[in-house]
Amino acid sequence: MGLAWMVAAAVAAVLASWAFNALVHLVWRPYAITRRLRAQGVRGPDYRFLTGNLGEMKRLRAEGAGVTLDVGDHDFIPMVQPHHRKWISLYGRTFVYWNGATPNVCVADVNVVRQVLFDRTGLYPKNLMNPHVTRLLGKGLVLTDGDDWKRHRKVVHPAFNMDKLKMMTGTMSDCALSMMSEWEAQQAKAGGDAEAEVELSSQFEELTADVISHTAFGSSYEEGKRVFLAQRELQFLAFSTFFNVQIPVFRYLPTEKNRMTWKLDKQVRGMLMDIIKARLASKDTAGYGNDLLGLMLEACAPEHGETPVLSMDEIIDECKTFFFAGHDTTSHLLTWAAFLLSTHPEWQDRLREEVRRECGDEVPTGDALNKLALVNMFLLETLRLYGPVSVIQRKAGSDLDLGGVRVPEGAIFTIPIATIHRDKEVWGEDAGEFKPERFQNGVTRAGKHPNALLSFSVGPRSCIGQNFAMIEAKAVVAMILQRFVLKLSPRYVHSPMDVITLRPRHGLPMLLRRL
């Protein structure tokens, strides 16, 4: 009887402690933070027990999902970030909303955004609250912080210097030529001068996957295809959890989504290990190689008994990061660039003229790509209006001051890139219009703030692969313009959607005519 009483008392004490902590976390803390922020002038929608504002966010997104835009309308915010649009109109450029019981401070003021993204002290680490995203990207360069980030970057950075990138243009061009030879075959079937309809978004996904496979991992798209397909499933699984309450213990429960995530993650790790083992097997005759994978493997096995710079698990995480980020964002940049070329034929003609002047009918070289000023302006405006990533998030590593507001430790900072890119106070009254000429004097002079373009982020943590992406996009666009006229198919439906990255909901059917 005495033992049973003691066990019951211990269980009761644990339950009481759990209930108290839950009460503090789910009731007292949200209301205390709300009062503190409102006293500083930061308002937002009211907190609802446990779910916060997730219910309203889901409802607003569901209402926007069925919206179709005119092809000349570039304002997809009501479809992708309707809650940001609504709450900024009600509460101003800085407001607080609740993702479950976690406060999200939305910051649409470029000066405050600069404070976050240019910080070098570690006050604003990456937000790792969603385990599905970590499974997708791995804890590579994108998600690491502090000394770990510096160590990873030291290894990865040499793979993306400009001299190496210029050498990669030949590989990029070969992959693009292979894709376009299929287009030519489709047009030949159509006969004569007939236009062939091609669904470009899937074509660009395969192209950019092929490019990153060759240039970073020494393999081909066919070898990496299973990795890309598994990562795509992980991507949709991760996004499906974005508007759910994140309860830490749930990530360990064998739910259907968790089991599928674990299965796909195991497959991806296994396939990446096969690629790594193939490289290690040839190192005695061919060395590690000087691409991204080779640099990482060399860092994993230093000589003279030194501590490896990267562990094998960290190399696998970096492979995940670059397999996904190295192709997904660039493929969508190319998709939206093709869309804008087809809807702005005058710019298509201007860019084709520039490509012919600088490259003739030859495959563009790295030096020739540097001379394509109009193509560069066009791609930058594409990134402004249809940047692959619509938000950036950081976390408050401690209680801190942001733009004169005291923010509690653990709060999430959400930077609504797509909203900032349409801000008339930053870009002028024509912010909603497609005008590549705004970039004729460079990125820093395009808007009223030098760091207004956030497509690759800014500051010390800006995207390490941005030059790679821009060179690849320039090369592909130039080669398409040398060979084809693009005309938007009547079947195209303009309905951008966000699944971590921005894409056309119904694909991009395009009519191609061979020049």
| message | How many angstrom lie between the Cα centre of segment 123-159 and the Cα centre of segment 439-515? | response | 25
| message | How tilted is helix 2-23 with respect to the longest principal axis of the chain? Cα atoms for both, answer in degrees (0 to 90, nearest 10). | response | 50
| said: Quick check on the chain: what does the Kirkwood estimate of hydrodynamic radius come out to from the alpha carbon pairs, in Å? | reply: 24.8
| query | In debye to the nearest 20, how big a dipole does segment 1-155 give about its Cα centre with +1 on each Lys and Arg Cβ and -1 on each Asp and Glu Cβ? | reply | 400
| query | Distances over 19 Å make up what percent of all Cα-Cα pairs in segment 1-94? | reply | 63
| task | Would you work out the charge dipole size for the chain about its Cα centre, treating the Cβ of every Lys and Arg as +1 and the Cβ of every Asp and Glu as -1, and quote it to the nearest 20 debye? | result | 1760
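Keeping the other protein chains in place, figure out the carbon and sulfur percent of the accessible area of the chain, with a 1.4 Å probe.
Working: 12710 of 23200 Å².
Roughly 55 percent of what the probe reaches on the chain is carbon or sulfur.
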| 5 Å-binned pair-distance histogram of segment 317-440 (Cα, whole percent) | 2, 9, 13, 15, 17, 14, 11, 9, 4, 3, 2, 0
| said: At q = 0.13, 0.24 Å⁻¹, what log₁₀ I(q)/I(0) does segment 431-476 have when each alpha carbon counts as one equal point scatterer in the Debye sum? | reply: -0.36, -1.06
| task | Note down, for segment 56-161, the three equivalent ellipsoid semi-axes (square root of 5 times each alpha carbon gyration tensor eigenvalue), biggest first, whole angstrom. | result | 31, 18, 16
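Report relative contact order for the chain in percent, whole number only (criteria: Cα-Cα under 8 Å, sequence separation at least 6).
On the way: 749 pairs, mean separation 119.9, N = 515.
Over the chain, the number comes to 23 percent.
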| said: Can you give me the angle between helix 256-281 and the longest principal axis of the chain, using Cα atoms only, in degrees from 0 to 90, rounded to the nearest 10? | reply: 50
| Alpha carbon centroid spacing (whole Å) that separates segment 65-113 from segment 370-411 | 14
| Say the dipole of the chain comes from +1 at the beta carbon of Lys and Arg and -1 at that of Asp and Glu; which of Gly465, Asn258, Ala286 then lies farthest toward its positive end? | Asn258
| field | Distance in nm between pseudo-label sites at Phe118 and Lys424 (7 Å out along the Cβ direction from Cα) | value | 2.8
| task | Work out the charge dipole of the chain with +1 on the Cβ of Lys and Arg and -1 on the Cβ of Asp and Glu about the Cα centre, then indicate which of Leu237, Val67, Thr414 is farthest towards its positive end. | result | Thr414
| Going by a ≥ b ≥ c, the root eigenvalues of the Cα gyration tensor, does segment 148-277 fall in the rounded group (a/c under 1.5), the prolate group (a/b larger than b/c) or the oblate group? | oblate
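Here is the link list: Lys225/Lys263; Lys320/Lys395; Lys283/Lys371; Lys154/Lys263. Which ones come out longer than 28 Å on Cα distance? Show your work: numbers first, answer last.
Values: Lys225/Lys263 17 Å; Lys320/Lys395 23 Å; Lys283/Lys371 38 Å; Lys154/Lys263 32 Å.
Beyond 28 Å between Cα atoms: Lys283/Lys371; Lys154/Lys263.
Take each of the peptides 430-443, 88-101, average the number of other beta-carbon atoms within 10 Å over its residues, and list them starting from the highest.
On the way: 430-443: 15.6, 88-101: 19.3.
So the order, starting with the most tightly packed, is 88-101, 430-443.
The values are calculated or read from the model by the stated rules, or taken from the named source; none is laboratory data. Since the structure is predicted, the reported quantities are computational estimates derived from the model, not experimental observations. With ideal geometry, Cβ positions are generated from the backbone for all residues, glycine too; neighbour counts draw on all protein chains shown. Note: areas computed on protein heavy atoms with side chains; ligands, DNA, RNA excluded. Shrake-Rupley method; radii C 1.70, N 1.55, O 1.52, S 1.80 Å.
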